[in-house]
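Structure, as structure tokens:
We did not get these values from a lab; they are worked out from the coordinates using the rules stated. This is a predicted model, so every value here is computed, not measured. Cβ placement follows ideal geometry from the backbone for every residue including glycine, while neighbour counts extend to all protein chains displayed.
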Amino acid sequence: MPTTRVRAQLDKYYQEVASIILTRQNPATGLIPASVAITTHGDYRDAWVRDNVYTIFCVWGLALAYRRIDDADGRGYELEHATIKTMRGLLSSMMRQAHKVEKFKNTQAAGNALHAKYNTQTGGTVVGDTEWGHLQIDATSIFLLALSQMTASGMKLIYTMDEVHFVQNLVFYIERAYRTPDFGVWERGNKVNHGEPELNSSSIGMVVAALQAINGINLFGARGGPASVIHVLPDEMTRNYTTLHSALPRESASKEIDAALLSVISFPAFAVHDPALVTRTRNDIVKKLGGNYGFKRFLRDGHQTVLENVSRLHYDPAELKIFEGVESEWPLFYTYMILDGLFREDHAQVDEYRRKLDPLLVDSAGIPNYNRDHLAHESHSSPLARSSSVSKRSLPPAHMRLVPELFIVPRNAVEEERKNPGSQQRVPNENVPLVWAQSLYILGNLIYDDLLSTAELDPLGRRLGAYQRKAHSEVVVQVVLLAEDEELQDRLRKYGLDTQIAENCAPITISPPSALRDAYTALGENQKLGLTGRPKRPIGTLSTSKLYRCQGRLYAFTPHFMDKEEFYLVSDNDYLVSLFEQELSFVRNHWFSTGRPTMTVMLTREMLGGLRGADIGSQKWRSSSAHSSGRNLLNFMMSLRSGNVGGVRVRCGRLGDMINTACISSLDFLVSTENSDYEDWDTLLKGEEADQDLSKLSYSPRDTEETSKERIRSASTDRRRTRRRSSMDIVVPKSPLASPWFSDEPWAAKETFKLQDHVESHSGKEAPHRGAGVNYEDGASLRIQSPVRGLATNLFETTPEGSLELLAACEKEAVGSSNDGSAALLTLTLADPKRVHEAIKLLGSSSNLYDQVDLLHYIQSCEGLEYQVAELGTVAALLEEVYLKAMHLRQWSIVRQAAGLLKKMVNSLTINVADLLIRQRPVTVGFGSEEMFITSPMHPGALQDLIYTHCASDVREAPLVQEILTYLGSFIRGTPSFFEGIMRVRTHFFIIAMREEISRMKGCNEEEAVEQLMQLSPFEMKSLLGQILAAHDSCNMLPPSAAPGVVTAAGSHLPPLRWHRLGHVQVQPGTTTDHASSSAMRLSNIGANLPTELVIRVQSAGFTAGCFTKMEIVRDGAHQPIRGVFGRGLNVAVLDPLDGTIVERASYDTHISRDESDEFAKLIDLLEPGTLVVVAAMDDAAEHLTEQALAACERLGSTAVRNMRYRDSWCIIGEKGAERGSVTEAHRPAHSGPTDFLERRIDLGLRRRSILNQSTATTTTTTTAPSTDASASTNNQQQLTLLLPSQGRWLRRRKNDGALNRVPRDFYPKVHAVLSRTEAILVGSKSYLPSNPTVYEKTPEELNFALQVEQLLDVIRDPAERQVAAETLMLVYRINQRNPEIRLKKGRLDLLAIIRDAIMAFWTLWTADHAAAAQSPRTPDHHHHPAPEPTPAPSDHHPADPNPPPPFLHRVAIIARSHSQLNIDTGTPTSPHATTDTAAASTTTAANTTTTTPMDWAFERHERVARRVFFDLPQEGPQGTMAFLAQSCVRLMFDVAIGLDF
């Protein structure tokens, strides 16, 4: 294009910019008013921050365009400095409110927010702090974004270090936007405009862009030093980034979509780098908000419509419906679409929206303020004019094209527009032009006319996705392993793990993450402005994965997640391993920086305490903790050498070798800071190390472990029971962040442990078992149980006034003395101080942790935590001692109880809660009247108070709730698909779901399940929770004992739980009658659709034969991944015999340690008979193979293991309890090569049927014995589960989905459609959701509507019934959709009435079909059964069962007659303690007579069983729940009868 033509075009645009924008710019402040209009909707003469930035964009763009030519007139210089003046004017206005920035970055309170608009003339405030929604994070963010882009283009906007520090603090101001509700771009928050802020995707998106753009920018330009560089922590960027991507295309809780998101997915933010998500968001905006005159801002937007009541700011809830279809349309968004097309080079989109925009533009001739002739006439007639001439420069160009603010439907056309959307002509409002829109229009024209390029307008290259994360295959995580001292380093070297010590890493200094956190508090600190720099917030893994340089010295920081925090989670090494995997994946997925991430891991004695031979000094109590968590951690660290962990590429090595490829950031701002506090920056960066002062510890391993077992055995008995007469009120001093009695390093306490040491007997004679006894001077033993309430029932108990009583059975018993069986009853009542002195006396002699924590609980309830317990110390100090002991001994129930008493808090809890909230998952804690909603992120102190106040029924519940929220936070970050269909996170119901899962798997009652739950380690707890969340995709919900593992947030698999060794709680002999019944119970939990064929292959090679191990597990042709890497020694895979799932995978280095051999033997001992075990030797496994290990191999059927010598090859596919020689085995000497590839094929279907039939026969015969044990009801539940239509799998799914509030896809929009066709949806007699005003106020996909539906369904107590209610609503919608001609009956839609009617219809039909079989004569002899019920024919691969089970109804009848506690026959509970005569009569009747009396199967008498059977039906099919529900819906709710094909 010729230069003269370019100049002419630029001059034309200059005239437009000068007349529309520059003439409005205040000469003193540089600020620009949004408009000159004063309307009923406000005074537009003020200077909005957002509008000023958008307005000045076209001035800046035109200035850049002038750089292309020889600008002799200096217009480019003028435009550049006009831009600088506006930006500096905004900066000046904000700097006057530096005190608000300081407050807000610590509180995120709306009252402390920067103002979003200022006085154009003075730059001062115009509205009070609380008189308007000033908290608009997007406005501050777009200012920082523009500042970054303009600085990158060469402009000098920042002049002093004070301004640099203020801008740095603006970064801290916005960096927590992911958890800060604001009023958004439209300044109203919730769309009802009632002054409530909410999380807005448009705000978070602008923050993402600002943080990414300004990171690393030197505000002084090329001449600046390190002090003028802006720093952004990568973890804060990532949190906002992931929050945005998880929320889109939703704008907020009240707005399902918003046209403001165009500025996020395209110019100016370019914050989304997922092309599919960008396209989806853009398409949703066009589809839902598009119109002929522009886009609606959001659905049901009443702003400036003729129907809006301008006399009030807020809308009435039901008023929003009247705006539907007549919302104002804004041509502003056409300009966004034009710019979007220009940046994407989508010429079709550009032409389309230029064509749509052109007829909407207003000719300036019709606007007096821009009419050239009108202004000229005014100038001529002005008495102040010196002459009759007027400068051409002061007059605007003729016939400029102006962009109106919006278009309105006239009042007389409202009804027609509603009937036929888009049919009516709209008119512009009086605000012409909207300068924001005019600026973007001019900017688009400059690019379209090829006067400006997109590259010039985006010098940082954001349009190119510069911050798009690298492909997973490109990111390699460097891992450096450090040992805390040389002794540990030597010991780890013996195990084959090469490490460094910190002293050998020179010149790099190793520091804790707290040192980096403290260093960043100096960033942006400015005494003149009253700014303190970055708040002391935790430093994330991305930040600690960098190396840092300060004045030429290098520093590496250990990751925060491996720090010792005051909560107990990281003391579980298995959990630590899963956390490490998760963090590796997190770093891989979100690494934006140049260079490789480098994780520096410090291994300590505390972590590896399970390794034999560790020097534990006087800590004898630790030697009793014979768990393998230390070895598991070691094995994981060794697996890092493989180069791939859970799909993450890893490189292990020495720190010095990784400097060249690492990412290195600068901390030179510490040196150049003006504050003298940081002159000793080297000491600051080194951090402080606490000295370890190990102390004596009292512990009796036998007593504590026996108590652990006894607690579970006795949870259902009367011997150790609890009574609650009122809720207890424990007065504990509040702490804003954490327990005030805890130090960062638990062993750094000045005073030693005070509780008495346990003295072991050396007589060689085992002391008699005393249960949970503690030594007392009169020979008595105390047994106290901590309260177990609330969690064992669906509702927390509400009881009359009184107190909580701890009943202690005191059995008079001395070591070696006879026991006369006498017992005394000692009652300790919480908050009743009458027996405090007795409790203190017992505490001094106790060596049992359970007794110690219970006694301290009692003393604390009476005297408080600061009470001095004789010479032992304060209650708080003693609780801390018990807490630490229990942590290292893995007594997790004690740990949780002590943590609850000390009111401990997870450091990262607020972050995890925020992660749930920002992904639109509100959280609740407590239950019933105590249930409290958390809808916005909270301060740690407030969150602590909330949890401990509303989770007080069991002292262990508050810590457990914190655990669950922590795990859920990690899951939603790593595996958001787990939460599909879950609208709210109700922690109490998550606990209920976990309790139910344990109850089914262990065959125990609720109280026993709660005790089992409390004994789980953090890792086991997380695994159980993950398995519950992951199981919704299929009805085949496997129990952890038969599950293939849970995909963690890191993408790797967690090993299934070891349900026969929960912590130190082991299965007791006699808990199951035999292997068949145990396996049948697990089979009933597994359900149908299981694999039928299992193929196992294994090969072993010693050192000289190739040094490898190969294992293959194939189920129905699908290869199953084997977790971890194989190592030296014995490599073991344990398989479930029912479905072939890999239950456990471990490696035991029997070459180096006899202890490893013993651990292998213990594993085999813990397995059930029939369990499949694959073992293969690698390198050498014979060096330290003990007799116990050899015997264990022989119990798997081995005959050749004793022939194995040094570096021989040996492998076996064994089975626990198999005869020697009956299994597949191979052995070869060291120099004879590897073994053959062994293979074994197993018919799993035949094995399962055999077990199930054997269990059924056992059920029939065992009913002849009377049940006087409390477990009778539990056994009946197990037996009935086997007899349900789907063997309990659909019931399990509904119970879990109901407990988790999981609903089908598009559930809430469909409920909205149903609600719009009826008066209300009714649940129960009082709870209902009315159609009016609900459908008038809320849109179908609005989050707030979904929460209302959730609240309605929460009335249903039974989780399974709640899920069926959701199915019913979906069914009603389906009927309406497929039969639009029918109408619902007038009145309310009664869900529970439909469900009950469907159950009655099913029960009537079902009992009629089975009654004949159930009433036919039969004897208890299970070898002579009549023909079985019709069942699917087995495949040819599976032979028919010669002893099929009896018909279903007959088996139910057997259980009903024998155990009336199930309330099946009579509906009246019968005491389990039946008289001898009654029991004998029952036995005689069941054993010696036939069943000739017809049973009464009336629905009213058996409603409980009918419900359970109905809830186990599949959804679809002629005999599914949908079929019966459809019949009831048509009969009860519709006016006509229709077919059942739905």
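Express in nm, to one decimal, how much length is gained between residue 292 and residue 1231 on full extension, taking 0.36 nm for each residue of separation and deducting their alpha carbon distance.
Full-extension gain reported as 329.6 nm.
Using each residue's phi in the stretch 1183-1195, evaluate 6.51 cos²θ - 1.76 cosθ + 1.60 at θ = phi - 60° and report the 3J(HN,Hα) Karplus result to the nearest Hz, with x for Gly and Pro.
4, 10, 7, 7, 4, 4, 5, 4, 5, 4, 5, 5, 5
At q = 0.13 Å⁻¹, what is the base-10 log of I(q)/I(0) for the stretch 61-191 according to the Debye formula with one equal point scatterer per Cα and no solvent? Please give it to two decimals.
So the normalised log intensities work out to -0.60.
With a Förster radius of 51 Å, plug the Cβ-Cβ distance of residue 99 and residue 604 into 1/(1 + (r/R0)^6) and report the FRET value to the nearest 0.05.
Efficiency for this residue pair is about 0.70.
Could you give me the ³J(HN,Hα) list for the stretch 349-355, computed from phi with Karplus coefficients 6.51, -1.76, 1.60 and θ = phi - 60°, whole Hz, x at Gly and Pro?
5, 4, 5, 4, 7, 5, 5
Normalised by the empirical 2.2 N^0.38 Å for globular proteins, what value does the Cα Rg of the stretch 836-942 take?
In units of the globular-protein estimate, the stretch 836-942 measures up at 1.34.
What residues qualify as long-range amide H neighbours of residue 532, i.e. H under 5 Å apart, gap of 5 or more or another chain, H built at 1.01 Å from N?
Distant-sequence amide H within range of residue 532: 526.
Go ahead and run the numbers for FRET between residue 347 and residue 1386, Cβ-Cβ distance against an R0 of 60 Å, rounding to 0.05.
Efficiency at R0 = 60 Å is approximately 0.60.
Could you tell me which of the pairs 834/1002; 105/255; 841/1162; 1022/1110 are separated by over 32 angstrom between their Cα atoms in the structure shown?
On the way: 834/1002 40 Å; 105/255 27 Å; 841/1162 39 Å; 1022/1110 30 Å.
The pairs that break the limit, which is 32 Å between Cα atoms, are 834/1002; 841/1162.
Could you give me the ³J(HN,Hα) list for the stretch 865-880, computed from phi with Karplus coefficients 6.51, -1.76, 1.60 and θ = phi - 60°, whole Hz, x at Gly and Pro?
These are the phi-based 3J(HN,Hα) values: 6, 8, 5, 7, 8, 6, 8, 7, x, 6, 4, 4, 5, 5, 5, 4 Hz.
Length gain on complete extension for the stretch residue 1152 to residue 1219, per 0.36 nm per residue less the alpha carbon to alpha carbon distance?
21.1 nm
Which residues' amide hydrogens lie under 5 Å from the amide hydrogen of residue 649, considering only partners 5 or more residues apart or on another chain, with H built in the peptide plane?
477
Can you compute the FRET efficiency between residue 121 and residue 930 using 1/(1 + (r/R0)^6), with r the Cβ-Cβ distance and R0 = 41 Å? Round to the nearest 0.05. Please list the in-between numbers first.
Working: r = 55 Å, r/R0 = 1.33.
For R0 = 41 Å, the calculated efficiency reads 0.15.
GluC sites (Glu not before Pro), restricted to the stretch 299-372: which are DSSP loop and have at most 16 other Cβ atoms within 10 Å?
324, 345
For the stretch 1092-1155, what is the charge dipole size about the Cα centre, in debye to the nearest 20, if Lys and Arg each add +1 at the Cβ and Asp and Glu each add -1 at the Cβ? Let's see the in-between values first.
Values: 7 positive and 8 negative charges, 60 e Å.
The dipole magnitude comes to about 280 debye.
Whose amide H sits under 5 Å from the amide H of residue 869, counting only residues 5 or more places off or on another chain, with H placed in the peptide plane?
874, 875
Determine the gain in length on full extension of the stretch residue 1319-residue 463; use 0.36 nm per residue of separation and subtract their C-alpha separation, reporting nm with one decimal.
So the extension gain works out to 303.1 nm.
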